[in-house]
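The values are calculated or read from the model by the stated rules, or taken from the named source; none is laboratory data. Model, not experiment: these values are computed from the prediction. Positions of Cβ are generated from backbone atoms using ideal geometry, with glycine treated the same way; all protein chains shown enter the neighbour counts. Only protein heavy atoms, including side chains, enter the accessible area calculation; ligands, DNA and RNA are left aside. Shrake-Rupley method; radii C 1.70, N 1.55, O 1.52, S 1.80 Å.
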Amino acid sequence: MDSTAAAAPPSPSPPVLLVTNDDGIDAPGLRFLVDQLVAAGRYRVLVCAPDTDKSGVSHCITWRPALRCKRVDISGATAFGVSGTPADCASLGISGKLFDGLIPDLVLSGINIGNNCGYHHLLWNSKSSVNDLKVSAEVCMPLINAIVTEIMNRTYPQGSFLNVDVPTDAAHHKGYKITKQGKYMARISWEQTVYKKPAVESYQTANMDVDGEKDNELATSSENDLLFKRVIVGRSSDEVEGEDMDHKSLVDGYITVTPLGALSRTEPDAIPYFKACVSRLVDNFSSLGPSFSRSRVG
C-alpha cells in the first residue's frame, strides 16, 4: 500500500485584469488604478494602452501601419504602450496574442480625467487636481473586487458594461448609486489661433487644474494658412435631469454606476435586472465602513 499522501490540488489561477485608457499609458489615473490592483495581491494585472494621449479618438481603428508595442516598466504588472488607438489597445489586449495566450476576465478603462456622463461615456471642476485620481482609484476598488467575484462565480450578466463616475470630492462621496445614462454633453466649437501648438485643452480637461502645454509656439507656416483650435462653448442636456440620472447624481456627490449595453443605453426592460445584480455588490460594502454603507441603488 502506497502511504504517500496525495498531491494537493493546484492553486487556482488569479483573475486576469486588463487595464487600458485613452489618455495614454503614462496618464496618472491609469497608474494609480494599476497600483491599487497590484497592491490588492489577488490579480494578474495586464496593461495595454496608447503610447501617447489619444483622447477623443476611442472608436477609431488602425489598418496601416502595423502597431508597435513597447514594453513599459510598471511594477507588478505586464504592460505595453501601443502606437494605435484606444480601440486597437482593447482589441489587442483581449486577443490573447500580446500576453502569451492570456485572456482577461475583466477589462477596466481609465481612470480618465473628465466628465464621462451622458453621451461622454468622472465630474471635475476648477478645484480638481491629479491627486483626486488617486482617491478615485481607492474608492473604486471595493466595486472592482465585488464585480470580479461575480464574474468568477459566473453570476455577472454577459454583454453588459458598467460606467463608473466619481465626484470631484471623491474622499467624501455619498456612496454608490445605480443610475441611468443621460444626454449630458459638451458643445464644442472652433476658434482661430496664431499658435502652432495651442494649449492642450480637450472637452474632458477644460476645467481641470492639470499641468498642460501653454500657448508658446508661434506658427511658422505660410501667411496664407489659417490655424484653428477646438474650444468648449457650453454643456447641455435636452432632457430633465431626474434623481436617477448619472450627471445629476454625480453632481450631488454620488459615485454613479451606470449599466450600459454594448453600443447604447441598456434596454429599459433590463434595468431592473441590472439593479438587482449591482445591488448585491452594494450590499457587500456595508462592512467596509461608513462611506460604503451609504451606498444605495437608485
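For the reader, a short list of remarks on this structure follows.
- Filter result for Gly110 (in contact with a Ser or Thr (Cβ under 7 Å, 6 or more places away or on another chain) and crowded, with 19+ Cβ neighbours inside 10 Å): no
- Any hit, the range 56-65, residues being in a loop (DSSP other than H, G, I, E, B), within 19 Å of Ala90 (Cβ to Cβ) and either in contact with a Leu (Cβ under 6 Å, 6 or more places away or on another chain) or at pLDDT 95 or above (or both): no
- Filtered residue count, the range 82-103, keeping only those that are under 14 Å from Leu18 (Cα atoms), touching a Ser or Thr at 6+ places or on another chain (Cβ under 8 Å) and not hydrophobic (A, V, I, L, M, F, W, C): 3
- So Thr52, is it in a loop (DSSP other than H, G, I, E, B) and in contact with a helix residue (DSSP H, G or I) (Cβ under 9 Å, 6 or more places away or on another chain): no
- Selection within the range 66-84 - among the aliphatic types (A, V, I, L, M), open to solvent by less than 40 Å² (accessible area, probe 1.4 Å) and part of a loop (DSSP other than H, G, I, E, B): Ile74
- In the range 150-177, the residues that are under 29 Å from Val251 (Cβ atoms) reach residues that are of a type in the set (A, V, I, L, M) and open to solvent by 40 Å² or more (accessible area, probe 1.4 Å) with C-beta atoms within less than 8 angstrom, at least six apart or across chains, in these pairs: Phe161/Ala262; Pro167/Val251; Lys177/Val297.
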